[in-house]
Structures are given as C-alpha cells and as structure tokens.
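*Asks:* Below are the structure tokens for one structure; questions will follow.
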Amino acid sequence: MALPAKKERYTFADYLTWDEYPRYELIDGEAIMLASPSSIHQIISMELSRQFANYLEGKKCRVISAPFDVRLFEREGDRPEDVQTVVQPDISIICDQNKLDEHGCKGAPDLTLEILSPSNAHYDLLVKLNLYQRAGVREYWVVSPEDKTVNVFLLDRDVLALRGVYGPTDLAKVSVLDGCFIELSKVFPA
C-alpha cells in the first residue's frame, strides 16, 4: 500500500501499514520519502559496516545498516499510535540490546551515521542533527562522499558538537567504542 491519503500527522501505527518501498521516515508526524541510495553511497555504507562489524565481533554492541527503523523518542509503555518520529540512519550502533525489538530500535542508538547525497545534505546536517541531539545520540557521523570527509559530532551537555573532521587517509576515532578506529583509506579508495 502506498502512502494513504494525506493526514495532518502520521504515527508509527500508520507507518507499519505502509509498503516497504518507497521508504519513508516520520519526522514529528510528517512523512518524508527517502530517495534510493547511489552506488557510491552503498559502497561506502558497506565498507563502514564491515569495519564496524569486524571490530564489534564478540562484543555486546551491534552495527545495523538501513533500512532499519529507529524510534528515537519512544518510551516504555508507548503504543505505536503515540510515536511520531521514525528515522532510518544509514548505520546505527546500539550497545543496549534491550532497545532492540521486532520493529527496530526503541530510543537513541549510541552512534548514528548518515552518508550525504546532493538531495539530502541539508536534511542530514540540520534536521537529523537536531533530532539526534534531542534524542541523546552520543555520537553522530556525517560522511561526505563528494568531499571524502567524515564529520564527527559528540554529545556534550545535550549538544552534538563537531569534534573532528577526518579526511580520506585518516584513521577516524570512534568515541563510543573504546579502541575503535575506522580506516578511511578503505572507505574512500583513491
């Protein structure tokens, strides 16, 4: 079923009735259709996921790639009708296994990562940054395929502040995972 007739506000209950494609996110009850990712987007996503998964093997945290529903503000006892924000970060790292359920993640992941494309740069750098900050995401990565950079934002006193910009030959430190570094030369091959 495609997106039903326009409503003033959608909820997760509505969202659960929609077809898998096209993909949507809900931002404060508004349905936002997501574009299909480009091949470079997918190549970058797979390499980042591979490096995170290799590091996390045998550890309690999990790396999960999109499409994966994250209900940032859902609280214990909320019903699907109560939830108005559902996002699909390109990559999520979740260390509290109690947040995982059959529908995705309930609450803020420890790290979210978004890969920019020309159609979503503004959205990821402003709207999603604000959402992740409000939800208490501890670390947010914004990956630019065009610039071959990773901007790392860390939560400090309820504000996601830019704490590092890494280039295509750098080792990017993952603050929420002790001792984890991502080899960007493998993410952005020459």
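The values are calculated or read from the model by the stated rules, or taken from the named source; none is laboratory data. Nothing here was measured: the structure is a model prediction, and the numbers come from that model. A quick note on method: Cβ atoms are made from the backbone with ideal geometry, for glycine too, and the neighbour counts reach across all protein chains shown.
*Asks:* Out of (1) hydrophobic (A, V, I, L, M, F, W, C); (2) modelled with pLDDT of 95 or more; (3) out of contact with any Ser or Thr (no Cβ under 8 Å at 6 or more places or on another chain), what's the single condition that is false for A31?
*Replies:* (2) is the only condition that A31 fails.
*Asks:* With the structure loaded, tell me whether R50 is loosely packed, with under 12 Cβ neighbours inside 10 Å and over 15 Å from I94 (Cα atoms) or whether it fails that test.
*Replies:* no
*Asks:* Related question: Taking region 139-178, which residues are closer than 21 Å to K60 by Cβ, in contact (Cβ under 8 Å) with a residue 60 or more places away in the chain and surrounded by fewer than 19 Cβ atoms within 10 Å (Cβ to Cβ)?
*Replies:* V176
*Asks:* Going through region 35-47 one residue at a time, which ones are farther than 24 Å from L126 by Cα and buried (at least 17 other Cβ atoms within 10 Å of the Cβ)?
*Replies:* Answer for region 35-47, where residues must be farther than 24 Å from L126 by Cα and buried (at least 17 other Cβ atoms within 10 Å of the Cβ): just E47.
*Asks:* Additional query: Output the residues belonging to region 10-34 that are crowded, with 18+ Cβ neighbours inside 10 Å, touching a residue at least 24 places away in the same chain (Cβ under 8 Å) and among the charged types (D, E, K, R).
*Replies:* E25
*Asks:* Still on this model: Can you run down the residue pairs with Cβ atoms below 7 Å, 6 or more apart or on separate chains, where the first is in region 117-137 and over 11 Å from I27 (Cβ atoms) and the partner is in a loop (DSSP other than H, G, I, E, B) and among the polar types (S, T, N, Q)?
*Replies:* Matching pairs, first to second residue: S117/S38.
*Asks:* Would you confirm whether or not region 141-157 contains a residue that is in contact with an Asp or Glu (Cβ under 7 Å, 6 or more places away or on another chain) and of a type in the set (S, T, N, Q)?
*Replies:* no
*Asks:* Let me ask you something else. Identify the residue in region 103-144 that is of a type in the set (S, T, Y) and at pLDDT 95 or above and, among all such residues, is nearest to V187 (Cα to Cα).
*Replies:* Once the filter is applied, the top-ranked residue is S144.
*Asks:* Restricting the search to region 70-83, which residues are surrounded by fewer than 20 Cβ atoms within 10 Å (Cβ to Cβ) and assigned to a loop (DSSP other than H, G, I, E, B)?
*Replies:* Hits for region 70-83 are F73, R75, E76, G77, D78, R79.
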